[in-house]
Each structure stands twice: as structure tokens, then as C-alpha cells.
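To keep things clear, I will list the structure first and then write my remarks on it.
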Amino acid sequence: MRFYVELITDPNKELILPIQYNYYIQSALYRSLDQDFASFLHEKGYESGGRKFKLFTFSRLMGRFQISKDTIAFKPPIKLVVSSPVNEFCQSLVNGFIAKEAFQLEKNYLRVESIRVEKPEVSGETIRMRLLSPVVAYSTLLKPEGTKYTCYFQPGESEFTRLINENLRNKYQALYNKNAPEGAVDIKPLRQPRLHVMRYKGIVIKGYSAPLIITGPKPLLQLALDAGLGSKNSMGFGCGEIVR
């Protein structure tokens, strides 16, 4: 399920945030959830293949904005997309949006002006996806001297596709408690991917954006749409929508 959320401030007031604002959106979403469910999601989540998944994702903020050195200023209205295949998450989130008087982003207090709920469905084995936040695919490797480093991959690279397939299969197992359907997912960018170097709580994360053609088993394409493509979805990466 997917929520198109419209946020507003005082009509004459801009929303000013640090350029690296993903953490503040994630925190606001957790505060909107039922406390017990939020604690479960934050501390445990859904497990598979030795990994834990939160099974939700969100877009970048959308609206008119101006960047000034280390900050970004949005003019209302401001839009946010949140998506998850988990019914409990969706119900808890919408209840929180309705019940809470403010949606707090860093030191800013906004009001949820409207929520549009949709349930986009994949109809075949090929979709065209527009990314609403960069997609992340990475491996942690060892240098000869034994120290670790992170290698990021972009759409179009074989390792990117392999990691996306592994990630989707683990998510499917975590969500449905059964093996993913047979067949591989293939991803082709429709233009040269754009690199985004971002920080989350001081940690550098590299993601890419590009329109994508994705083919593969329908259930896995649906999961990529609902839970996010790639890694670190709950930090605001890999949120996409179908382009008809």
C-alpha cells in the first residue's frame, strides 16, 4: 500500500531542513506509528538470510525548493510518498497521521493536509519504474590488510543486479515465510544513472537514480514496488513508482 501525503506549514513560512534530511523523515514516521509496533520494527523487524528488514520505504520530499549551502528550503505544499507491503504498518501509520496534530521534521512542525491511499498492482512481468529516492546496492569487502570498505554498484552493472535479486528474495522470505518464486529479476537503466552521495547520521551512503526497466517474476516486481528496491529502504532509499 502507498500513501501520498501532503504536508503544509504556515502559508508564509518555508520548511528549512539540512540537505541531508532522511533521518528526520524516518524519525517522524516512527513517531507516527503505534509505540509497540514502532519498537518491534526498530529493534527487530522481519528477518531472513541473516538480515533484518523494516519493509517500508519513502521518497525524497517533493515540492518547490531552494538550496543554500547546507540547507534546503521547501515552499508548501510539500509531498511525501510512503510505501509498505505490511498491513500493520500501513494501518498504524494512517492512524498516526490522523491522530497526531503535527508531523515534526527536525525543529519544524507541519500538518498533514491530505492523504491519498493507493494500492498499485503489477500486471505483468515487465515494469517501467521511476525512482522517487536513490537506489542503493553495496557489498562490504576486505582490504588485503584486513580493514573493511564498502563498494557501491550502479544500475547496469551485473553485481548490482545480483545484489537486487538476493535482496528481493530475502525480503520475500521475511514477509511471507516461504521461498521466493523461481526466476531472476533483470534491471536496465534507460539513461546513464546519476550518482547521489548522501549522509545518514554521519555515514556516507551512495545511491543512484535513473528510469528503469525491470523484468522478472510478478511477485518480486510487486515487492520491489511496495517495499523498495535495493538496500536501506527504511532510511529513504529505493522508493519508486510505475510509469504507465
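Values in this text are rule-based calculations from the coordinates and carry no lab data. Note that the structure is predicted; figures quoted are calculated from it, not measured. Here the Cβ is made from the backbone with ideal geometry for all residues, glycine too, and neighbour counts use every protein chain on show.
List of remarks:
- Cα-based radius of gyration of the range 1-44 once divided by 2.2 N^0.38 Å, which approximates compact folds: 1.46
- For the range 55-132, the pair-distance distribution built from all alpha carbon pairs, in bins 5 Å wide starting at 0, is 3, 10, 18, 23, 19, 13, 8, 5, 1 percent.
- For the pair Ser114 and Arg244, label points projected 7 Å from Cα toward Cβ lie 1.8 nm apart.
- Virtual spin-label span in nm between Gln35 and Asn179, 7 Å along Cα→Cβ: 4.4 nm
- In terms of other Cβ atoms within 10 Å, His42, His196 run from fewest to most in the order His42, His196.
- Whole-Å semi-axes of the range 126-242's equivalent ellipsoid (Cα gyration tensor): 23, 17, 14
- Expected-Rg normalisation [2.2 N^0.38 Å, Cα atoms] applied to the range 102-176: 1.65
- Sequence-distant lysines (8 or more away, or on other chains) whose Cα lies within less than 24 Å of Lys79: Lys13, Lys54, Lys69, Lys100, Lys107, Lys119, Lys201, Lys206, Lys232
- Convex hull of the chain built on C-alpha atoms - directionally averaged projected area, nm²: 14.2 nm²
- Neighbour-count ranking [beta-carbon atoms within 10 angstrom, fewest first] of Cys90, Cys151, Cys239: Cys151, Cys90, Cys239
- Based on the Stokes-Einstein relation at 20 °C and a viscosity of 1.002 mPa s, and on the Kirkwood radius from alpha carbon pairs, the range 2-118 is assigned a translational diffusion coefficient of 143 µm²/s.
- The reciprocal of the average 1/r between distinct C-alpha atoms defines the Kirkwood hydrodynamic radius, which for the range 157-197 equals 11.8 Å.
- Computed helical MRE - 222 nm, the chain, DSSP H runs ≥ 4 contributing -39500 (n - 2.57), nearest 500: -8000 deg cm²/dmol
- A crude spin-label estimate for the pair Phe65 and Ala102, with each label 7 Å from Cα along the Cβ direction, gives 2.2 nm.
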